Amino acid sequence: MSRAWKLFDWLSTEYYSTLKENKSGDPRYTSALNHLWFYLADIFPSLDKIVLFDHDVVVQRDLTGLWTVDMKRKVHAAVETCQESEASFRSMHLFMNISDPFLSKRFNSSVCTWAFGMNLFDLKEWRRQNLTMLYHDHLQLGLNRPLSEAGRLPLGWITFYNQTVALDKRWHTLGLGHNPGLRQNDIENAAVIHYDGIRKPWLDIGIAEYKGYWSKHLKYDHPYLQQCNIHE
């Protein structure tokens, strides 16, 4: 059995049993699919570089330029969130139990966080530094004591701590699923827009001003969309 499948087997047994004991039921934080994000280097052993998208993004322009980003021998590139309008996006300590001795000794609690949604990875460097096992160690530690309550976000930040290059914000604009005050120019000039938050464009509670950036790409006669009762 490959190393990747051994890790997946552990995730589906020990991880789930611990969640059940702790009565953790929010799928945003507890779904094993969210954690498969950290096994990309094992899932795609023949790839050297990859761009990963969340399900709630729209790609608006050519992303070829990402392949020329200087990774500076680091593993990951993403847009930082320190300058976002909401304070909850500013630093790690707002999401993590930074008073825990393990975290306080190893991480700067005021370090800038970065966004999930569109992420570039150097898988060769990832394998060289064995970051999947580092993630696995952090996840197992978190099963024994509460490091955070926000699932993959803090795990991503500590696993790729000092391993992330900041991308220009025009690559990835966030907030379309929760912030009605985004500037139209920022949205239209972004390579990728992200409906992060609960107000997804396919829901009635979606922000009306932003729905068109998503809906204009839909083929409403597709059987899957018909089954989901999505119509013009």
- Message: Within region 104-190, considering only helices (runs of 4 or more DSSP H) that don't extend past its boundaries, which have at least 1 residues that are at pLDDT 90 or above?
- Response: 123-129, 131-144, 184-189
- Message: Here is a check on your reading of the model: is residue 33 modelled with pLDDT of 85 or more and under 27 Å from residue 136 (Cα atoms)?
- Response: no
- Message: Can you pull out every residue in region 176-211 that is of a type in the set (S, T, N, Q) and closer than 24 Å to residue 52 by Cβ?
- Response: 179, 189
- Query: Inside region 191-205, can you point out the residues that are in contact with a helix residue (DSSP H, G or I) (Cβ under 8 Å, 6 or more places away or on another chain) and outside any strand (DSSP E or B)?
  - Reply: 191, 195, 201, 202
- Message: Restricting to region 193-220, name every residue that is among the hydrophobic types (A, V, I, L, M, F, W, C) and exposed (fewer than 15 other Cβ atoms within 10 Å of the Cβ).
- Response: 198, 203, 205, 208, 218
- When residue 214 is evaluated against the numbered criteria (1) under 23 Å from residue 52 (Cα atoms); (2) touching a Leu at 6+ places or on another chain (Cβ under 8 Å), which criterion, by number, is the only one it fails? (2)
- Message: Given the criteria at pLDDT 90 or above, crowded, with 16+ Cβ neighbours inside 10 Å, closer than 24 Å to residue 200 by Cα and not assigned by TED's automatic domain parsing to the domain that holds residue 190, does residue 56 qualify?
- Response: yes
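The values are calculated or read from the model by the stated rules, or taken from the named source; none is laboratory data. All values reported here derive from a predicted model rather than from experimental measurement. No Cβ is skipped: glycine too gets one built from the backbone with ideal geometry, and neighbour counts run over all protein chains shown.
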